[in-house]
Amino acid sequence: ALYILADKHRVGASMKRLLQAYVSDKHVGQCEHVLNVTSKTFSNFFIGQFLDAVILGILVGVFLEIFGISYAVTIACVVGLTALIPLFGSYIGACMSVLMLIPKGPMETVFFLVIFIIMHELESNVIYPRIVGNTVGLPGIWVFAAVVLGGALYGIIGIVFSVPILATIYKLLREDIYRRLDKKRISEN
């Protein structure tokens, strides 16, 4: 993947030549459009994932500071960074944080867990669908449905890729619907 990213312009030019050699000009343009929409959607999705992880880390950090929990900034950074890992990441961060807090006493550990669970539920069910939905151009309910369905069908891989795939299909279908509706309005007048 790193080699492809390092040479993405050369790989892109080679793929375009390949398409031009074997596919009609009309279809080359369509393929380029689909690839551009897909690339932009996936890129925006990962930007949304990053933003969501940062927001979770900040929320956890702020509430830990408010309640006077030790290592609030460190724990917020750990939770935020590990939240970049889909599905289990924030839980891994929570486990690491619990290990840091155990020597401080059971009450701080319990307070942390309560704060983490509340913030994680808020982030998972309210913030994540809105942020990722806005970055990929997909309504929040569709983001939530894609994550649930993708996870149920394909596990972690489904969770990671279901949203950008659905968003790409959604954008392309929406463009096609509007194009067809515009044609019908023109022909009816």
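Overall shape: prolate for region 100-189, with the ratio a/c of the largest to smallest alpha carbon gyration tensor axis at 1.5 or above and a/b above b/c. These residues, TYR22, TYR128, TYR154, go from largest to smallest accessible area, 1.4 Å probe, as TYR22, TYR154, TYR128.
Solvent-accessible area of SER39, all protein chains in place: 70 Å² (probe radius 1.4 Å, heavy atoms, ligands and nucleic acids excluded). Of the residues ILE117, PRO103, PHE161, the one whose Cα sits farthest towards the positive end of the charge dipole of region 57-189 is PHE161 (charges of +1 on Lys and Arg Cβ, -1 on Asp and Glu Cβ, taken about the Cα centre). Taken about its Cα centre, the chain carries a charge dipole of roughly 860 debye when the Cβ of each Lys and Arg holds +1 and the Cβ of each Asp and Glu holds -1.
Once the C-beta distance of ASP182 and ILE102 is scaled by a Förster radius of 41 Å, the resulting FRET efficiency is 0.05 to the nearest 0.05. When the square roots of the Cα gyration tensor eigenvalues are ordered a ≥ b ≥ c, the ratio a/c for region 1-83 is 1.5 or more and a/b exceeds b/c, which makes its shape prolate. Sorting ARG185, ARG174 on solvent-accessible area from highest to lowest, probe radius 1.4 Å, gives ARG185, ARG174.
Could you identify which residue out of PRO106, PRO164, PRO129 has the top mean-square fluctuation in a GNM of the chain using Cα springs shorter than 10 Å? Maximum among the listed residues: PRO106. Using a probe radius of 1.4 angstrom, the carbon and sulfur fraction of the accessible surface of the chain is 71%. For the residue pairs LYS16/LYS171; LYS26/LYS171; LYS16/LYS184, alpha carbon separations beyond 28 Å are given by LYS16/LYS184.
The values are calculated or read from the model by the stated rules, or taken from the named source; none is laboratory data. Note that the structure is predicted; figures quoted are calculated from it, not measured. Counting neighbours? That spans all protein chains shown, and the Cβs are built from the backbone with ideal geometry, glycine included. For the accessible areas, the whole protein counts, side chains as well, though only heavy atoms, and no ligand, DNA or RNA atoms are used. Shrake-Rupley method; radii C 1.70, N 1.55, O 1.52, S 1.80 Å.
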